[in-house]
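S.K.: Mind having a look at this structure? Questions to follow.
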Amino acid sequence: WITRGSAADSLVCYCLGISDVCPVRFELYFRRFLNRDRMSLNKLPDIDLDFAHDRKDDVVDLIFRRYGKHAAVVGGFSTFQGRSAFAEIAKVLGVSEYQIRQMTKRIPHVAARRVREVVAESQECRDLALEDEQYQVALRLAEKLDGMPRHAKMHPCGVVLARQPVQELSPVFTSRKGYATTHFDMDSVEAIGLVKMDILAQGGLAVMRDTKKLLRERGIRPRPEDLRGWQDPEIWKMIAAGEARGVHHIESPAMTSLERMVGVDNIDDLVAIVSVIRPGAANSLKKTQFARRAQGLEAVNYTHPSLEPVLRSTYGVVAYEEHILQICDVFAGLAPGRADVLRRSLVKQRMHMVEEIGREFVECARRQGRTDAEIEAVWNLVVGFRGYAFCRAHSTAYGVEAYEAAYLKRYHPAEFLACVLTHGKGFYTRQVYALECRRLGMRFLPPDVNRSQDRYFPEASGGRAVRPLTAAMPDGEGPPSLPHSHAIRVPLWQVSGISEATLESWRRGRPFASLRDFYNRTSVSRDEMAALIRVGAFDEFGLLRTGQFWEFQRLAQWPRSGAQYGLAGVEPGRPEKTAAAEALEEPGYLDRLRDEIELLGFTVSGHPLDLYPEVQWQSYCPIARLAEYPGEQVTTCGLVIETRLHHQSDGRMMRFFSLCDYSGILECEMFAGIYKKFGAESLRHPVLEVTGTVQLFDNGQGFTLQVERVGKVRRTHAALLPAA
């Protein structure tokens, strides 16, 4: 586990082994809990723990076994948000559930009070028939349900413990999981004096645990000083190059871009950017300030000399929650309790409270002898920090964990990425992680009824590899052969539609001598059998896939008896072929890729871009070459692999999306005006032609593309490179 949140500040927690982050080394700040105002509000310090996502329920079960009626899960209410409010009202108005599902999946996640406004602006909703009266009524009434209770729920991670049975302090109900759950929400259980613990789940811990286990099975044991030394230049080179995909906490497009902007090369800067990227600290100005100052491209400005000890580690940028407390203390002498109320008001953007405490801040600062100009400058620094943010202890715990995971990726990439694919809890889809494997020269092996395990598993492999992203373009049907040392075997459970009953009978029955043996000794259904044939799970037995199909059709005519032949002891005859069946041919390369996308979610036999042979890739500027044209307009082309909506500082919607071609991955920015013009077009096609201006980072180590036009790929052979 790791300790998240402010508990990592505690030297006691560190000495007891609850936290593994030294608060002295990282200059962590525990004083936020040591004030009378906080205690008077029953805001008791708690300890939040992250466990591997597949063991969280085991931890909660242990708590209930040990403490019985003295433990309960924190309850609460699920409240209406934009999608749920629209769906409930549309259902009352007679709209079918199918139509509601088709609409709500296109509506952005937003508060119900803003759903009509956001839907009108969203390009995702442009093609929906929302002008119909029933939908207009649903949108209008949805706003009135904003924040209203929808149903009782369990807190996702909160558990309370008490000296007496919890039902003597709070009404309780039994949740669907069988846990006693309070009717009081998290604020109310704190108000009655109960101690709340957060038992949280995290995929990154499971990935690191299983990677280390896999390495131990191979006789490899990373040294603790390598995992926690924070000095390896190869790891910092990988992170600073934006190649941390798969590394929990630092893998998102925004994070990898910031890592490149900063050129991060030490643990303290990594800890800082984990928080700088959060909404409370993050805006383009602050990220740019931090990046430039960290590299010496801009002078550090602390706003006031008294703030230098507070902001030294972040080059004068307010990055952590406790910076607010420390600034209020060293500059204004504001009472710790009031400073903490200010911090919480900024996080929740309760600006009326901010203004009230602002007047106290000014009065206290004047008593400290500060001038009006100094007070104004520092107060602007404080109120510029609005929205959700991390405390330094939380960032430190995550930064240290990220470095350890980055070590495993850098030196054991096959084992690490196999575990990332197994758990599927990262920022990206498995398709993107498969692309990352290909970038590193690894290939994939299909599910196999004898060789697959219950996880993605790296196999030493010879033969031909798939094309790394930097390789040449294809001229033939299949990918070229390149040397490699590892391939990752896909597990059987990744095949869409395979039931747990079939998987259990497969586990018990291994090994199998043939397709017939597998069919007779498992509970596999017709549809499951067809899917396994299409992804190559029986290829090792020597028959081509068309032959496997006919073998299965022949077997399916007779009841399964576990024997080799039918009821009369005679091998069943081949079913009569129809004209359609006679036309069946062995699936080609593109057919296999399509089957893999449909049944596995990503391609195994080759690169996903090979599915688009009509695209003249050589006509477009490759992503890997875009940095050669800073400030110039270029046209490139790629497969959309990730997209997300965002609100600009003026509240208007914009979109970020990631493209990949054979040479790399590109982050694109579509600001509000362009989003309104081309947003709908960008949703219609999996492969996009994008024209935009290359925005190079100040350090020259990365770039983004500021989009100016998006559309369908043109059928052209003219090169689309900038003029020399």
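The values are calculated or read from the model by the stated rules, or taken from the named source; none is laboratory data. Keep in mind the model is a prediction, meaning the values are calculated, not measured. Please note: Cβ atoms are built from the backbone with ideal geometry, for glycine as well, and neighbour counts cover all protein chains shown. What goes into the accessible areas is simple: the full protein's heavy atoms, side chains included, and nothing from ligands, DNA or RNA. Shrake-Rupley method; radii C 1.70, N 1.55, O 1.52, S 1.80 Å.
S.K.: Please verify whether region 679-702 includes one or more residues that are touching a Ser or Thr at 6+ places or on another chain (Cβ under 7 Å) and under 30 Å from Gln295 (Cα atoms).
M.R.: Yes, region 679-702 contains a residue that is touching a Ser or Thr at 6+ places or on another chain (Cβ under 7 Å) and under 30 Å from Gln295 (Cα atoms).
S.K.: Name the single residue, out of those in region 1-36 being at pLDDT 85 or above and part of a helix (DSSP H, G or I), that is surrounded by the most Cβ atoms within 10 Å (Cβ to Cβ).
M.R.: Here the residue is Ala8.
S.K.: Starting from region 95-122, take each residue that is over 21 Å from Glu681 (Cα atoms) and list its partners that are surrounded by fewer than 17 Cβ atoms within 10 Å (Cβ to Cβ) and of a type in the set (S, T, N, Q), counting only C-beta distances under 7 angstrom and pairs at least six apart or across chains.
M.R.: Here the result reads Val95/Gln134, each pair linking region 95-122 to a residue that is surrounded by fewer than 17 Cβ atoms within 10 Å (Cβ to Cβ) and of a type in the set (S, T, N, Q).
S.K.: Just for region 547-564: of the residues that are exposed (fewer than 13 other Cβ atoms within 10 Å of the Cβ) and either more than 16 Å from Ala513 (Cβ to Cβ) or hydroxyl-bearing (Ser, Thr, Tyr) (or both), which one is modelled with the lowest pLDDT?
M.R.: So, considering only residues that are exposed (fewer than 13 other Cβ atoms within 10 Å of the Cβ) and either more than 16 Å from Ala513 (Cβ to Cβ) or hydroxyl-bearing (Ser, Thr, Tyr) (or both), the one modelled with the lowest pLDDT is Ser561.
S.K.: Take the residues of region 396-427 that are more than 24 Å from Asp268 (Cα to Cα) and charged (D, E, K, R): which is surrounded by the most Cβ atoms within 10 Å (Cβ to Cβ)?
M.R.: Restricting to residues being more than 24 Å from Asp268 (Cα to Cα) and charged (D, E, K, R), the top hit is Glu415.
S.K.: Look through Met148, Met197 and report the one residue that is on the phi < 0 side of the Ramachandran plot and in contact with a Phe, Trp or Tyr (Cβ under 7 Å, 6 or more places away or on another chain).
M.R.: Met148
S.K.: Do we find a residue being in a loop (DSSP other than H, G, I, E, B), open to solvent by 40 Å² or more (accessible area, probe 1.4 Å) and modelled with pLDDT under 90 anywhere in region 706-716?
M.R.: Within region 706-716 (the criterion being in a loop (DSSP other than H, G, I, E, B), open to solvent by 40 Å² or more (accessible area, probe 1.4 Å) and modelled with pLDDT under 90), the answer is yes, since at least one residue qualifies.
S.K.: From the residues in region 483-503 that are open to solvent by 40 Å² or more (accessible area, probe 1.4 Å) and in contact (Cβ under 8 Å) with a residue 12 or more places away in the chain, which one is farthest from the chain's Cα centre (by Cα)?
M.R.: Within region 483-503, the match that is farthest from the chain's Cα centre (by Cα) is Pro483.
S.K.: Just wondering, is there one or more residues in region 657-674 that are open to solvent by 50 Å² or more (accessible area, probe 1.4 Å), on the phi < 0 side of the Ramachandran plot and of a type in the set (D, E, K, R)?
M.R.: Within region 657-674, none of the residues are open to solvent by 50 Å² or more (accessible area, probe 1.4 Å), on the phi < 0 side of the Ramachandran plot and of a type in the set (D, E, K, R).
S.K.: What pairs come up if the first residue lies in region 672-691 and is assigned to a helix (DSSP H, G or I), the second is of a type in the set (D, E, K, R) and open to solvent by less than 10 Å² (accessible area, probe 1.4 Å), and their beta carbons are under 6 Å apart, counting only those six or more places apart or on different chains?
M.R.: Tyr675/Arg655
S.K.: Ok, one more. Which members of region 138-153 meet the condition of being aliphatic (A, V, I, L, M) and modelled with pLDDT under 85?
M.R.: Of everything in region 138-153, just one residue is aliphatic (A, V, I, L, M) and modelled with pLDDT under 85, namely Ala152.
S.K.: Follow-up question, since we're still on this one. Quick one: how many residues across region 688-698 are out of contact with any Lys or Arg (no Cβ under 8 Å at 6 or more places or on another chain) and surrounded by fewer than 20 Cβ atoms within 10 Å (Cβ to Cβ)?
M.R.: Looking only at that region, the number is 3.
S.K.: Related question: If Leu93 satisfies all but one of (1) hydrophobic (A, V, I, L, M, F, W, C); (2) over 29 Å from the mean Cα position of the chain (by Cα); (3) more than 30 Å from Ser19 (Cβ to Cβ); (4) open to solvent by less than 70 Å² (accessible area, probe 1.4 Å), what's the number of the condition it fails?
M.R.: (4)
S.K.: Can you work out which of the residues in region 310-354 that are over 33 Å from the mean Cα position of the chain (by Cα) and part of a loop (DSSP other than H, G, I, E, B) is modelled with the lowest pLDDT?
M.R.: The selected residue is Ala335.
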